[in-house]
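No value in this document is a laboratory result; all are computed from the given coordinates. Since the model is a prediction, treat every value here as computed from it, not as a measurement. Neighbour counts are summed over all protein chains in view; Cβ atoms, including those assigned to glycine, are modelled from backbone coordinates with ideal geometry.
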Amino acid sequence: MTSRAADTQRLLDLAQLRRVKDRIDREYAQPLDVEALARGANMSSGHLSRQFRLAFGESPYSYLMTRRIERAMALLRGSDLSVTDICFTVGCSSLGTFSTRFTELVGVPPTVYRRLNAGIPMTMAPCVLKQVTRPVRNREAATREPELA
């Protein structure tokens with residue numbers, strides 16, 4: 001394969017991966033898994049996972065869970081839904097997995113996040129708000145010391 005053909009193929013592959021990422025952004029609340037995403041992209045699940053990680057720095061599943069946690073954070077700040085209802089609303093099927101992943105990414109459990117952030121008006125531009133409230137990936141969240149009342 002010539003260098004020009006390889007570059008063209010790489011661009012086509014990146015466009016396909018971007019479509020997968022866009023699908024995750026649109027359908028995060030649907031029952032998505034890597035196999036379903038791979039079928040939609042006409043790839044094997046292993047190939048999709050490897051290529052997605054190379055292109056975006058994380059696996060498709062990790063990206064999906066980050067989208068779900070971001071939406072859950074917004075719902076915890078601005079709605080009266082229970083944590084269980086929010087878990088299912090954002091597409092998670094297990095409250096335990098949701099709570100564990102939320103704590104890994106945000107640094108505190110969902111109930112603590114709600115208590116610390118409820119009623120705080122988010123008056124900044126949506127693009128800035130999204131960046132400021134984005135969960136940290138790969139267990140990088142700093143854990144907070146428990147508050148003694």
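Worth pointing out:
- For region 15-22, putting each phi into the Karplus relation 6.51 cos²θ - 1.76 cosθ + 1.60 with θ = phi - 60° gives couplings of 5, 5, 5, 5, 5, 5, 4, 4 Hz, in residue order, rounded to whole numbers and with x for Gly and Pro.
- Gyration tensor analysis over the Cα atoms of region 1-79 returns equivalent ellipsoid semi-axes of 29, 13, 10 Å (largest first, whole Å).
- Taking label positions 7 Å along the Cα-Cβ direction at both residue 81 and residue 42, the computed distance is 3.6 nm, reported to one decimal.
- The length gained by stretching the chain between residue 88 and residue 9 to full extension, at 0.36 nm per residue less their Cα-Cα distance, is 24.6 nm.
- Across region 3-133, the convex hull enclosing all Cα atoms gives 118 Å³ per residue.
- Likely footprinting exposure, 97, 66, fewest C-beta neighbours within 10 Å first: 97, 66
- Between residue 97 and residue 29, the modelled labels are 1.9 nm apart [label points 7 Å from Cα along Cα→Cβ].
- Per-residue Karplus couplings for region 66-83, computed as 6.51 cos²θ - 1.76 cosθ + 1.60 with θ equal to phi - 60°, are listed in order as 5, 4, 5, 5, 4, 5, 4, 4, 4, 5, 5, 6, x, 9, 9, 5, 6, 4 Hz, Gly and Pro entered as x.
- Phi to ³J(HN,Hα) by Karplus 6.51 cos²θ - 1.76 cosθ + 1.60 over region 92-104, Hz, x for Gly, Pro: 7, 9, 9, 5, x, 5, 4, 5, 5, 5, 4, 5, 4
- The mean sequence separation of alpha-carbon pairs under 8 Å and at least six residues apart, normalised by the residue count of region 3-133, gives a relative contact order of 20 percent.
- Summing Cβ point charges (Lys, Arg +1; Asp, Glu -1) relative to the Cα centre of region 3-133 gives a dipole of roughly 240 debye.
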